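One structure is given here, and the rest of the page talks about it.
Read the figures in this text as sums done on the coordinates, not as results from a lab. Predicted model only: the values in this text are computed from it and were never measured. Glycine also receives a Cβ, built like all others from the backbone with ideal geometry; neighbour counts cover every protein chain displayed.
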Amino acid sequence: MRSITHLDIQYAHRFYGFKGEAQYLHGHSGGLTIEVEDTVNPGVNMVFPCNEIQKTAWNVIKNFDHALILREDDPLLPAILGVYEKQGIKDGAPTNKMKGEAFKTELCTAYPDCRLVVTKETMTTEGMIKMVYELLKDKLAIAKITFTSGVNAAAMEFKPAKSIDRCPCCGIALNEKGVCPKCGYRKG
């Protein structure tokens, strides 16, 4: 069975090297749907609480929200960083409170202080799915990710890598010590 949740993000990007309208810097509203698959946890009668899927995903995904997403070889990247440096916001600003933890994977690197994500590939709906899966595959038993952006959409199914130990009292994932971070339950 699956528990399903949805997150919305706003971002700007461009398709560097693309011949068409998307080669220009532009923005989107994106919708990310994550489906988590496992057995129904008898203690709470659900696979995984959707609000906990959202919290787990949002801790990573918020770096894409209100961010500029550029490919690592895009010549705009050094220009943008130069402007941010001149404005004094490259290393953050007091108003930048919605940032997540910095991360680096094979596919992307987040620089939350300056609301920038640098990608290896062009940021398409398919590319976003690959990045999100890479960032969350060890945290959630992901069965499917769908990403929509304007009239564009993509979806990909996954075989959940492993079953995640969940609390029988509240349904959320136990930490590496077998303890529920929400209610304190200890796996016996």
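Some points to look at:
- Sequence-separation-based contact order of segment 13-55, relative, with Cα cut under 8 Å and 6+ spacing, percent: 21 percent
- Förster radius 45 Å - calculated FRET efficiency between Asn175 and Ala79 (Cβ-Cβ, nearest 0.05): 0.60
- Contact order for the chain, expressed relative to its length and based on alpha carbon pairs under 8 Å spaced 6+ residues apart, stands at 23 percent.
- Diffusion coefficient of segment 1-102 by Stokes-Einstein, Kirkwood radius over Cα pairs, 37 °C, 0.692 mPa s: 201 µm²/s.
- Shape class of segment 85-144 from the Cα gyration tensor (axes a ≥ b ≥ c, square roots of the eigenvalues): prolate, since a/c reaches 1.5 or more and a/b is larger than b/c.
- A cut-off of 5 Å between modelled amide H atoms, ignoring neighbours fewer than 5 places along the same chain, links Ala141 with Glu37.
- Within segment 1-92, DSSP assigns beta bridges of which about 80% are antiparallel (rounded to the nearest 5).
- Formal net charge of residues neighbouring Ile61 (Cβ-Cβ distance under 11 Å; K, R +1; D, E -1): 0
- Once the chain from Met156 to Met98 is taken as fully extended at 0.36 nm per residue, the excess over their C-alpha distance is 18.1 nm.
- Compared with the direct C-alpha span, the chain from Tyr24 to Met46 gains 3.5 nm at full extension, assuming 0.36 nm per residue.
- Loop-located GluC sites (Glu not before Pro) across segment 97-188 with a Cβ neighbour count of 16 or fewer within 10 Å are Glu101, Glu106, Glu121, Glu176, with loop assigned by DSSP.
- Between segment 53-101 and segment 107-186, the alpha-carbon centres lie 19 Å apart.
- Counting 0.36 nm for each residue step from Thr109 to His66 and taking away their Cα separation leaves a gain of 13.9 nm.
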